[in-house]
1. Taking the residues in region 228-246 that are free of Cβ contacts under 8 Å to residues at least 60 places away in the same chain and of a type outside the set (S, T, N, Q) as candidates, determine which candidate is nearest to residue 273 (Cα to Cα).
2. Take the residues of region 262-277 that are more than 9 Å from the ligand (Cβ to nearest atom) and at pLDDT 95 or above: which is farthest from residue 205 (Cα to Cα)?
3. Quick one: is residue 240 hydroxyl-bearing (Ser, Thr, Tyr), within 19 Å of residue 190 (Cβ to Cβ), modelled with pLDDT of 95 or more and in a helix (DSSP H, G or I)?
4. Within the set of pairs 6+ apart or on separate chains, which have a first residue in region 254-279 that is open to solvent by 30 Å² or more (accessible area, probe 1.4 Å), a second that is in a strand (DSSP E or B) and within 8 Å of the ligand (Cβ to nearest atom), and C-beta atoms under 6 Å apart?
5. Search region 132-149 for residues that are within 25 Å of residue 286 (Cα to Cα) and pair each with any residue that is near the ligand (Cβ under 10 Å from one of its atoms) and open to solvent by 50 Å² or more (accessible area, probe 1.4 Å) when their beta-carbon atoms are under 9 Å apart and the residues are at least 6 apart or on different chains.
6. Do we have any residue at all in region 196-217 that's closer than 30 Å to residue 158 by Cα and out of contact with any His (no Cβ under 6 Å at 6 or more places or on another chain)?
7. Hey, can you tell me all the residues within region 237-253 that are within 13 Å of the ligand (Cβ to nearest atom) and either open to solvent by less than 70 Å² (accessible area, probe 1.4 Å) or touching a helix residue (DSSP H, G or I) at 6+ places or on another chain (Cβ under 6 Å) (or both)?
8. Test of understanding: among 46, 40, which residue is open to solvent by 70 Å² or more (accessible area, probe 1.4 Å), assigned to a helix (DSSP H, G or I) and either out of contact with any Leu (no Cβ under 9 Å at 6 or more places or on another chain) or not assigned by TED's automatic domain parsing to the domain that holds residue 179 (or both)?
Amino acid sequence: MRYAVTGGAGFIGSNTVDEIVRRGHSVVVLDDLSGGKEENLAEVRNKITFIKGSITDIEIVRKAFHEADYVLHLAARTSVPRSVKDPIETSRVNIDGTLNVLVAARDARVKRVVFAASSSAYGETAELPKTEAMQPSPISPYGVSKFVGELYAQVFGRCYGLENVSLRYFNVFGPRQDPGSPYSGVLSRFITCFLDGAQPVVYGDGEQSRDFTYVENVVQANLLACEAPGASGKVFNIGTGARITLNQTLRLLEQITGKSIAAKYDPPREGDIRDSQADIALGRSILGYDPRVAFEEGLRRTCDWYRAHHKPSPAA
Ligand code: UD1
């Protein structure tokens, strides 16, 4: 099979590409390296085709999808606060870019597009866990952009017969998540603070909770979603089904690293949701999704990875 992966040099994308290569398939990566890094593909570099370019340029997207069977669309601006600061840029990449991906996938007659959607589409729901039957109600420009991507994917199914699956990822973490910006995923920030002996910053009281999902589980979901019968046109939660507060993650990191570091508590961030937890029954039954790596095990593996790969910041 031939896969095309947008955002394939990024955190989730490169982990997915590794698995595709391990399974012996061919893969074209399209990435503009705005968030991704070529070094994420170092181990597979001579086994893949890499195209440097943005999903906002439809001609390069067409080139990347030539003769592809499956498109995994993971390229995006991924940060909630960044979208609050610059909603136009988030929309340009996440909405206009997704539209380019869908048009190019339709014209290349690919078998299916799998779209990296987001649990942020739900916004604040009164009930937990969140099920796909709940009405989405995003509370950030990022959440809007990801929800619009799903709607577009489904409409391309209806209007043009393009098979599509949207996966609402819940707070993915693991090796290669870039901790280097204030917009980075919280666990990448916390873990590298512990390793550097720096003070982690918590936005709010730390009692907000997330269904943190180890990247290997998400890679499994991505590949199942390409081929699962009966999945097209549907949206699936991809999480673990549990949730944990930021304060709890800090206590766990103290245990794992053997260090005790008091966090600094700053005001909450705009656009932040309070609690997030996935109901994953639908994905289990239709995709055969089974998150085998539990949170704590994933956290340990991630700490090990940063220990081996993270260079302490000079300030630490
Ligand atoms: C994350 C993802 C987003 C994804 C969504 C749902 C990232 C960067 N964002 O958004 O792409 O679609 O989950 O799966 O991966 N926080 C701190 N200190 C920090 C950083 C963050 O306290 O240094 C707090 C935030 O205010 C928030 C929580 O940690 O309450 C999680 O933040 P973040 O990791 O940015 O993820 P989400 O905003 O949940």
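1. 244
2. Here the answer is 277.
3. no
4. Taking only residues 6 or more apart or on different chains, the pairs are 264/201; 265/202; 266/201; 266/203; 268/203; 269/203.
5. Close Cβ pairs satisfying both conditions: none exist.
6. Checking region 196-217: at least one residue is closer than 30 Å to residue 158 by Cα and out of contact with any His (no Cβ under 6 Å at 6 or more places or on another chain).
7. 237, 238, 239, 240, 244, 245, 246, 247, 249, 250, 253
8. Residue meeting the stated conditions: 46.
The values are calculated or read from the model by the stated rules, or taken from the named source; none is laboratory data. As the structure is a prediction and not an experimental result, all values here were calculated from the model. Neighbour counts are summed over all protein chains in view; Cβ atoms, including those assigned to glycine, are modelled from backbone coordinates with ideal geometry. The area values use the complete protein model at the heavy-atom level, side chains included, leaving out ligands, DNA and RNA. Shrake-Rupley method; radii C 1.70, N 1.55, O 1.52, S 1.80 Å.
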